[in-house]
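Working notes for the structure below.
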Amino acid sequence: MARKKAARPVLSDLIEQVLDQHDIPKRKDLTDLMGRMIQLENLLKQIHLTVGMDTASPRKSSSRKGKRSGLNAGNVVLSVMREHGGLIEFKEIREKTGYDDKKLRNIVFRLYKTGKIHREKRGTYRVITDTIGEDSLESL
């Protein structure tokens with residue numbers, strides 16, 4: 001009678017056995033760990049948000065009714081440009097107002113489109129003198 005050969009172990013079984021013997025994490029272990037990390041991050045975000053909340057008295061939303069004060073962001077930038085006189089660069093406006101780049105770019109774009117300032121070259125602006133006066137500032 002012919003002898004049967006012993007079945008050869010499958011490569012994946014050998015790899016799994018080595019991983020178990022040497023206590024090496026598997027893909028499933030890593031995905032479980034990542035899921036737990038995401039849960040912890042979400043809990044930390046919730047804790048961070050609730051720490052700053054005042055549970056004793058909720059804040060009332062303030063609604064601004066009536067006329068706004070004349071110091072909105074556009075007026076601040078325009079007054080800085082007028083005080084400087086002549087040409088002023090973008091970085092000088094940023095230093096004097098303290099606004100971040102995106103906000104300042106939007107303000108300058110709006111002032112340019114409304115005709116309050118003139119763009120001499122890239123990053124350099126000049127205030128257009130009004131014949132009406134300061135009353136036109138309130139329309140910004």
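Each row is one residue, and each column tells you yes or no for (1) at pLDDT below 90; (2) part of a loop (DSSP other than H, G, I, E, B).
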| position | (1), (2) |
| --- | --- |
| Q39 | no, no |
| L44 | yes, no |
| S62 | yes, yes |
| R68 | yes, yes |
| L71 | yes, yes |
| I93 | no, no |
| Y112 | no, no |
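What are the residues in region 79-113 that are more than 16 Å from T124 (Cβ to Cβ) and of a type in the set (K, R), if any?
The answer is K102, K103, R110, K113.
The values are calculated or read from the model by the stated rules, or taken from the named source; none is laboratory data. Source: prediction; values computed, not measured. Positions of Cβ are generated from backbone atoms using ideal geometry, with glycine treated the same way; all protein chains shown enter the neighbour counts.
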